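A short worksheet on the structure shown next.
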Amino acid sequence: MDDIPFQIDRKDLIEGLGKGLRVIEAFDDDHSRLTPSEAAQLTGLTRTAARRYLLSLVHFGYAGTDGKRFWLAPRVLRLGQSYIGAARLPRLVQPFIQRVSMQCGETVNVSVLDGHEVVYVARSNAPRVVSIGYHVGARAPAHVATPGIVMVSALGDAELDAWLAAHDFHAFTAHTVSTAEVFREHVRAARSLDHWITAQQRDLGLSGIATALRDRKGVCKGAVGMTLQSVAYTPEQMRSQLLPLLHEAAQALRPLL
């Protein structure tokens, strides 16, 4: 959600770096091990180029191989951890979400929108022995994550149209909003309410509530929210007991973002 402060001249870009990152991003739950041909198909590179990038990742410790297939190595986690350690937002919000967590006894998360996914970048220390919700670094499709609807609602109409056209509305449960039309209605409602509540969109038995984090100019920089057991709160209880705490934290952070 961060604004790019200047336009980058393409002559200043290192295209090879971008291609290497595309190879790393090609690995996911469905493609945990890739041959060079498979990597090439997923990235749009030639097989020869994909093989060279994969071998380079092995050389620098970011991948492993058995000579035929390649997989990511734990060292890749350093890339994401560098963001968590260096980015201003996770460090800034931590004391605020910790206070909310102590007030309500629930785990509180802060997330940002990365294209079509919600990325969780901060989490309060668990006030309970057993806590639920997403850990730092976790990703979720934006249409099934409560903060996703809140952050997508900050897009302009033209941006929203393009986002909807490109999004994969995969259903995870019988309750998942899996059409662009219904999701658009929820986004419009979230705009007017300045928060959103979902139930069992990705996981049965879990609900969520979130509100936007905006800077002093009103630009959405992320979202603050909670994932809860559905049996613990009714939507009315979430609005009356939890939403004021989230709004209070968002307002306190606004001049600091």
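The values are calculated or read from the model by the stated rules, or taken from the named source; none is laboratory data. Being a predicted model, the structure only gives us computed values, none of them experimental. Heads up, the Cβs are rebuilt from the backbone with ideal geometry, glycines too, and the neighbour counts pull from every protein chain shown. All accessible areas refer to the heavy atoms of the entire protein, side chains included, with ligands and DNA or RNA removed. Shrake-Rupley method; radii C 1.70, N 1.55, O 1.52, S 1.80 Å.
For the stretch 40-79, taking the residues that are β-branched (Val, Ile, Thr) and over 18 Å from Glu15 (Cβ atoms), the one that is surrounded by the most Cβ atoms within 10 Å (Cβ to Cβ) is identified as Thr65. In summary, Val110 fulfils each of the numbered conditions (1) farther than 30 Å from Asp161 by Cα; (2) not in a helix (DSSP H, G or I) with the single exception of condition (1).
Of the residues Leu17, Leu21, Leu45, Leu55, the single one that is free of Cβ contacts under 8 Å to residues at least 24 places away in the same chain, over 30 Å from Val136 (Cβ atoms) and of a type in the set (A, V, I, L, M, F, W, C) is Leu55.
Of the residues in the stretch 122-133, at least one is of a type in the set (Lys, Arg), free of Cβ contacts under 8 Å to residues at least 60 places away in the same chain, buried (at least 17 other Cβ atoms within 10 Å of the Cβ) and under 26 Å from Ala86 (Cβ atoms). The set of residues in the stretch 22-39 being open to solvent by 80 Å² or more (accessible area, probe 1.4 Å), farther than 12 Å from Leu72 by Cα and of a type outside the set (Asp, Glu) consists of Arg22 alone.
Here is a yes/no grid of residues against (1) in contact with a Lys or Arg (Cβ under 7 Å, 6 or more places away or on another chain); (2) assigned to a loop (DSSP other than H, G, I, E, B); (3) modelled with pLDDT under 95:
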{"site": "Ala50", "(1), (2), (3)": "no, no, no"}
{"site": "Tyr53", "(1), (2), (3)": "yes, no, no"}
{"site": "Ser56", "(1), (2), (3)": "no, no, no"}
{"site": "Gly61", "(1), (2), (3)": "yes, yes, no"}
{"site": "Gly64", "(1), (2), (3)": "no, no, no"}
{"site": "Gly80", "(1), (2), (3)": "no, no, yes"}
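When Gln98, Gln103 are checked against the criterion of being open to solvent by 30 Å² or more (accessible area, probe 1.4 Å), closer than 30 Å to Leu243 by Cα and touching a helix residue (DSSP H, G or I) at 6+ places or on another chain (Cβ under 7 Å), Gln103 stands alone in meeting it. Which of the residues spanning the stretch 89-117 are free of Cβ contacts under 8 Å to residues at least 60 places away in the same chain and in contact with a strand residue (DSSP E or B) (Cβ under 7 Å, 6 or more places away or on another chain)? Those that are free of Cβ contacts under 8 Å to residues at least 60 places away in the same chain and in contact with a strand residue (DSSP E or B) (Cβ under 7 Å, 6 or more places away or on another chain): Pro90, Gln94, His116, Glu117.
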